[in-house]
Amino acid sequence: MDTESAGVAAWLLQLDRLVNVAIGQFELTHIVDQPEYISIPQAPEHCKDIILWNDNIVPVMNLTSWMSGDKQSDAPGVVAIVVYTGAQNNYLYGGIKLNNPPVQVKVKNIQQCQWTKSLDKWKILSISCFKSQEGEVVPIIDITKVFSQKSINK
Amino acid sequence: MIGEMTSNRLLAPDEACYISKLSFSDIELLIPQNEILSIESIYELEDDTGKGGHIGVINKQGVKLPVYCFSDSMDIVDYLPEDRFQCVAVRHNQGDFALLCHEVVNIVLKGMDFKDIPGCMDNGLIPLTHLCLYQGDAGQTKLGLVTHADFLYKYISRKI
């Protein structure tokens, strides 16, 4: 079976009850359930916490907060540990707060779709988007952009 | 020395960092020991609020140093929290000032790997220069919030 007919494997990350985003299959490294957060004073609301994972200092992104610009609840939830490439071509880890554990999906080229007005802000952090089987537009996020200063703090 | 480190520089395993750990509320700041001028009791604090955002002053050899107090989110506050017992005078290039702390403990850390503040977090407002991992008293891994007197002074100047 070729890739096009089967689709490409990706992880669907449920940020809250309404918003899902997707990342590539190999970008998800680990899932931490109910982690212990350490707050960094004066950090932006969308990225105010650190978790310690495997002797790494992992910044945790609350993309729902980034999207809305509001303070979100601090329910422990689940953190997806993702890997991305740093400015010096080194591998770095980041965390993304989720409502539920990630779900693996297959995405086909024919699912690619246009951005809707309500998802305009996601363009900053995304490579593209696709329409899920439920008809929802799902941004495919660029992990490096999510964890870089210039993109996320605009 | 931590004061001379470059970003993400891993010090040799036997290279010692002499650090003062300033604790207040749930925060522990790590500052190079050579930037600590003195540690005074809270009873040395003289009431002198004024427009500079400081909560009072301490007298160091005839010079009045402004004393600042941080909240648990490191905002500058003009009241004295119950848990502050020590007043730490710090030295930097543009003058000296003091901070109210719960406790000051000197520690020696070896083989430290000081990490830059993650880019996604770096909004230009964080009063820290680096983060690090170190072993706590009970052997547990702790997150160190690293800063310098110069950096804190600039942070305070921006806030007031």
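Readers should treat all values here as calculations from the given coordinates under stated rules, not as data from a laboratory. Note that the coordinates shown come from a computational prediction; the quantities given were computed from them, not determined experimentally. Using ideal geometry, Cβ is built from the backbone for each residue, glycine included, and neighbour counts are taken over all protein chains shown.
Determine which aspartates and glutamates satisfy two conditions relative to B:Lys115: a Cα distance under 13 Å, and not lying fewer than 8 residues away in the same chain.
A:Asp55
Could you name the lysines whose alpha carbon sits less than 16 Å from that of A:Lys71, not counting residues in the same chain fewer than 8 places away?
A:Lys48, A:Lys97
Tell me, what HN-Hα J-couplings in whole Hz come from the Karplus equation 6.51 cos²θ - 1.76 cosθ + 1.60 at θ = phi - 60° for each residue of segment B:47-56, using x for Gly and Pro?
6, 7, 6, x, 9, x, x, 7, 8, x
Averaging over all projection directions, find the projected area of the Cα convex hull of segment A:62-146 and quote it in nm² with one decimal place.
For the Cα atoms of segment A:62-146, the hull's average projected area reads 6.8 nm².
Using a 10 Å cut-off on Cβ to Cβ distances, tally the other chain neighbours for every residue of B:21-28 and report the average as a whole number.
Mean inter-chain Cβ contacts per residue within 10 Å come to 1.
I'd like the antiparallel share, as a percent to the nearest 5, of DSSP beta bridges with both residues in segment A:3-144.
Within segment A:3-144, antiparallel bridges account for around 90 percent of the total.
Once amide H atoms are built 1.01 Å from N in the peptide plane, which residues 5 or more positions from B:Tyr68, or in another chain, come under 5 Å H to H?
It is B:Ile55, B:Ala98, B:Leu99, B:Leu100, by chain and number.
Note the angle between two axes, namely the Cα long axis of helix B:149-159 and the longest principal axis of the Cα atoms of chain B, as a number of degrees from 0 to 90, rounded to the nearest 10.
Around 50 degrees separate the two axes.
Where does segment A:3-144 land on Rg/Rh, using Cα atoms and the Kirkwood Rh?
My calculation puts Rg/Rh at 0.96.
Run through segment B:42-82 and list the chymotrypsin sites (Phe, Trp or Tyr not before Pro) located in a DSSP loop whose Cβ has at most 13 other Cβ atoms within 10 Å.
Taking segment B:42-82 and a limit of 13 other Cβ atoms within 10 Å, the loop chymotrypsin sites (Phe, Trp or Tyr not before Pro) found are B:Tyr79.
Students often forget the sequence filter, so: which lysines lie under 16 Å Cα-Cα from B:Lys110 once same-chain residues fewer than 8 apart are removed?
B:Lys21, B:Lys142
From the phi angles alone, apply the Karplus equation (6.51, -1.76, 1.60; θ = phi - 60°) to segment A:19-30 and give each ³J(HN,Hα) in whole Hz, x where the residue is Gly or Pro.
10, 10, 10, 10, 9, x, 4, 8, 8, 8, 9, 6
Please compute the average number of Cβ atoms from other chains found within 10 Å of each residue's Cβ in peptide B:100-108.
The per-residue average across the peptide is 0.
What average number of partner chain Cβ atoms lie no more than 10 Å from the Cβ of the residues making up B:109-120?
Per residue, the average neighbour count from other chains is 5.
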